[in-house]
Amino acid sequence: MRAYLPDYELKSTADLGQALEVLANEPGVWKPFAGGTDLMVLFEAGKLAHKSFLNIWNLRELRGIEVTPEHVTLGALTTYTDVQRNEILQTEFPMLCRAASETGGLAIQNRGTLGGNIINASPAADSPPALLVYDAQLELLSARGSRWVTYQGFHTGYKELIMRPDELLGRIRLPRTTANHLRQYYRKVGTRKAQAISKICIACAARVESGRVEDIRIALGSVAPTVIRAVKTEELLKEQTLDAQLIGAAREALSKEIAPIDDIRSTAHYRLRVAANLLEDFLLQLSGSKQ
């Protein structure tokens with residue numbers, strides 16, 4: 001059953017300042033609407049519960065990619081296509097580009113936004129695992145001003161965020177200080193090779209010197225109520241020499257750290273097994289045992 005269009009209201013403003021005033025005057029009433037690639041699916045299915053939306057697609061202040069020696073900063077309205085076309089992102093943040101290339105088809109990539117992928121808060125989203133590994137920071141805007149928060153911890157539960165009702169995601173900031181020194185690994189496993197919601201998604205990055213793990217970051221999607229960093233598994237691996245015994249211990253640690261469920265796309269057992277297999281694949285590549 002489709003939703004009934006006259007039941008809904010879509011409001012547009014001339015600029016960002018006016019949009020923030022709308023959110024401030026009626027916090028929680030107006031839900032920002034950008035590319036609409038997720039919301040329109042719910043609308044078509046008759047499951048779009050919220051009725052009042054604030055159109056932010058035309059806000060130029062939320063667009064653009066800025067590069068400094070320290071950071072790459074992306075406007076919240078940066079599309080997946082924008083991500084893939086940026087040379088700095090392709091060179092230094094390839095996992096984010098890979099995630100963008102595997103999100104839907106070309107039409108979705110042209111319309112869907114990085115900010116929307118974050119705010120939609122799906123644990124199966126493609127870009128958040130990469131953002132967690134890259135230590136992304138988020139700028140939250142309101143009529144009161146702006147604040148920066150770390151992406152890790154931004155999602156507090158299924159579809160739950162630390163963002164306040166009068167706030168809008170403005171920019172995503174990626175530090176450039178360490179990305180070039182890390183070996184990176186991204187895999188999405190779905191029913192098909194394209195245009196499929198992930199059964200599991202993993203992003204990993206590490207620095208290994210003389211066989212010893214100096215730094216490692218592991219993030220996964222579709223294995224918990226939110227996208228997560230596997231911090232306990234990371235701690236197990238840090239400052240250790242990669243060998244078969246350590247890799248086996250890491251598999252076991254990861255299986256205890258994630259909590260996948262059975263759903264329409266897959267089973268908990270399958271997700272546990274594949275997550276451990278993908279982690280092992282990355283660690284074998286780091287150790288030189290697999291090319």
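The values are calculated or read from the model by the stated rules, or taken from the named source; none is laboratory data. Keep in mind the model is a prediction, meaning the values are calculated, not measured. Ideal geometry is used to build each Cβ from the backbone, glycine not excepted, and the neighbour counts take in all protein chains shown.
Listing for the model above:
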| quantity | calculated |
| --- | --- |
| Verdict on residue 129 being at pLDDT 95 or above and farther than 23 Å from residue 19 by Cβ | yes |
| Residues satisfying the stated conditions in region 1-39, i.e. among the β-branched types (Val, Ile, Thr) and either in contact (Cβ under 8 Å) with a residue 60 or more places away in the chain or part of a helix (DSSP H, G or I) (or both) | 22, 37 |
| Residue 197 surrounded by fewer than 23 Cβ atoms within 10 Å (Cβ to Cβ), within 25 Å of residue 119 (Cα to Cα) and either without any contact (Cβ under 8 Å) to a residue 12 or more places away in the chain or assigned by TED's automatic domain parsing to the domain that holds residue 153 (or both) | no |
| Number of positions in region 97-122 that are assigned to a helix (DSSP H, G or I), under 28 Å from residue 183 (Cβ atoms) and free of Cβ contacts under 8 Å to residues at least 60 places away in the same chain | 7 |
| Region 254-273 residues that are over 15 Å from residue 124 (Cβ atoms), paired with ones that are among the small types (Gly, Ala, Ser) (beta carbon under 7 Å, 6 or more apart) | 254/230; 254/275; 254/276; 255/276; 257/230; 272/255 |
| Filter result for the condition that a residue is touching a helix residue (DSSP H, G or I) at 6+ places or on another chain (Cβ under 8 Å) and either closer than 22 Å to residue 197 by Cα or of a type in the set (Asp, Glu) (or both), over 272, 237, 246, 242 | 272 |
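For (1) polar (S, T, N, Q); (2) surrounded by fewer than 14 Cβ atoms within 10 Å (Cβ to Cβ), each residue gets a yes or a no:
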{"position": "22", "(1), (2)": "no, no"}
{"position": "25", "(1), (2)": "yes, yes"}
{"position": "34", "(1), (2)": "no, no"}
{"position": "46", "(1), (2)": "no, yes"}
{"position": "50", "(1), (2)": "no, yes"}
{"position": "54", "(1), (2)": "no, no"}
{"position": "70", "(1), (2)": "no, yes"}
